[in-house]
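The values are calculated or read from the model by the stated rules, or taken from the named source; none is laboratory data. In this text the structure is predicted, and so the values were computed from the model without any measurement. Cβ sites come from the backbone with ideal geometry, for glycine too, and all protein chains shown count toward neighbours. Heads up: the accessible areas ignore ligands, DNA and RNA and are worked out on the full protein's heavy atoms, side chains in. Shrake-Rupley method; radii C 1.70, N 1.55, O 1.52, S 1.80 Å.
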Amino acid sequence: MGLEVFLPVAFVIGYLLGSIPFGLVLTKLAGTQDLRSIGSGSIGATNVLRTGRKGLAAATLVLDALKGTAAVIIAGYIAGPNAAIVAGLGAFLGHLFPVWLKFRGGKGVAVYIGILLGLFWPGAIVFCLLWLATAFTTRYSSLSALVAAFITPLFLWWFGHLALAALAAVLTLLLLYAHRENIKRLQSGRESRIGEKA
């Protein structure tokens, strides 16, 4: 299979992996309240944390990250770095807009980290350190994600990873869109802090 033919396939593979709603699946199996009816309504780890189940939130974080990692590794193994980047974009879009949930998914932070982990792990470390530093000082998960997502593409560009920096810039724009309501709440002082229940 030629590279040109595989790129759309890589995108579909990424999208299907990214669209697996681990947060929703885990909370349903645990018998908690429907995740989409609490907090932000998101299916990601931060909203799972609002159920009070820290273990489920941690598992959601890890699994959501790994689906991004799996997408880029599988596509990259089959057809090289360009396919890996396309699959990464597909995984991110799949998480944000899963077809199974009427295109209402998560915010994409864990998947962003997982994609970086699979493509260039120092980028994932930088993202996590920025997130942790901001979260420690502000206790706002959304603000931490926005700060990390804004700086990470600049880090990648500075170290010469131009294609990956371009992907990260696109992911950052999508992440900003996914966090548009969070941004409004941050501006008005109504954003909930890490660990607060709905």
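A few remarks follow.
- For peptides 139-149, 81-91, sequence by mean Cβ density within 10 Å, most packed first: 81-91, 139-149
- Listed pairs LYS67/LYS107; LYS54/LYS184; LYS28/LYS102; LYS28/LYS54; LYS54/LYS102 exceeding 20 Å between Cα atoms: LYS54/LYS184; LYS54/LYS102
- A 1.4 Å probe, protein heavy atoms only, puts the accessible area of HIS95 near 10 Å².
- DSSP H segments from the chain that extend 18 Å or more along their own axis, Cα-based, with Kyte-Doolittle mean of 1.6 or above: 3-18, 162-178
- Size of the chain: Rg and Dmax of its alpha carbons, in Å, are 16.1, 53.
- Modelled label positions at ALA133 and LEU173, each set 7 Å beyond Cα in the direction of Cβ, lie 2.7 nm from each other.
- Separation in nanometres of the label points that stand 7 Å from Cα toward Cβ, at ALA58 and LEU186: 2.7 nm
- Probe 1.4 Å - accessible area at ILE151, Å² to nearest ten: 60 Å²
- Segment 13-110 - Rg (one decimal) and Dmax (whole number), Cα, Å: 13.5, 42
- Here segment 45-60 and segment 121-192 have alpha carbon centers that stand 20 Å from each other.
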